[in-house]
Amino acid sequence: MTDHRPPPDALVSRLAGDWRALAGGSPAARAAGAELIARWAEPHRRYHTLHHLAAVLAAVDDLAGEAADPAAVRLAAWFHDAVYDGRPGWDEERSAQLVQARLPRCGVSPGRVATAARLVRLTAAHDTVAGDDRDGAVLCDADLAVLGRPGYDAYAADIRREYAHVPDDLFRLGRSQVLRRLLAAPRLYRTDRARELWEERARANMNAELARLDAAG
């Protein structure tokens, strides 16, 4: 399969520019951006990489018109898997703590810091977003955009590689439970724009993966 993703150096350069446009060019902001890029480039990652970060940011751009504070959502996207050790809940909490430690030094207002940290914590369980939480809806929809975009099979393979330490039978069980829980929701995406862009394709992709998992089991 041909990899159409940009080369790492080009991607890093683009992301660094995006971060400067978002957080500014102060020494503290530059240091925070360099730290975030280094974290997303950690060698143990297979799916939660710089490519995932770039994809989530692009999806936020697609949905920005539905957010109350698009800048806070973009900041949360940068931090939402900045700590990634494969420990659900723990990773998101540590990532939110990183928001609270780094963003005030960059001159981000206390209210926006609090919003970004709250949004990062929401990504631990996407189904906890309140109905009137526009920013939470945009971030969670952007995080799940991969389900309805081209390249789903590569995404699923990368997820398996991140859990290479888990035996096949246990992985199939856990992954199947995740897919069934997502498919059981009446609406996978919360924003109208995300449903228009990705809902139908996402459900088809997940059903196809679930069928493959069931056949393998």
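The values are calculated or read from the model by the stated rules, or taken from the named source; none is laboratory data. Here the structure is a predicted model, which is why all the values come from computation and not from measurement. Note that each Cβ is placed from the backbone with ideal geometry, even for glycine, and that neighbours are counted across all protein chains shown. The protein model used for the area step is the full one, side chains on, heavy atoms only, and it has no ligands, DNA or RNA in it. Shrake-Rupley method; radii C 1.70, N 1.55, O 1.52, S 1.80 Å.
Quick notes
- Dipole axis of the range 154-203 (+1 Lys, Arg; -1 Asp, Glu on Cβ), positive-most option in 189, 155, 167: 189
- Rounded accessible area of residue 18 (nearest 10 Å², 1.4 Å probe): 70
- When the helices of the chain are scored as -39500 (n - 2.57) per DSSP H run of n ≥ 4 and the total is divided over every residue, the value at 222 nm lands at -20000 deg cm²/dmol.
- Area accessible to solvent at residue 172, 1.4 Å probe radius, in Å²: 60
- Taking the range 58-98 and a reference point 7 angstrom along Cα→Cβ of residue 196, the backbone N atoms nearer than 17 Å belong to 59-68.
- Stretch gain in nm, segment residue 216-residue 132, where the contour uses 0.36 nm per residue and the Cα spacing is subtracted: 26.2 nm
- Using a probe of 1.4 angstrom and keeping all protein chains present, the accessible surface of the chain works out to 49 square angstrom per residue.
- Percent accessible area from carbon and sulfur atoms, the chain, protein chains only, probe 1.4 Å: 54
- With Cα atoms defining each centre, the range 184-214 and the range 70-88 are spaced 22 Å apart in the structure.
- Highest-fluctuation residue, 66, 196, 162 considered, GNM on the chain with Cα pairs under 10 Å: 196
- Of the residues 122, 11, 36, the one that moves most in a GNM of the chain with alpha-carbon contacts below 10 Å is 11.
- Note on residue 135: accessible area is roughly 10 Å² with a 1.4 Å probe, heavy atoms of protein only.
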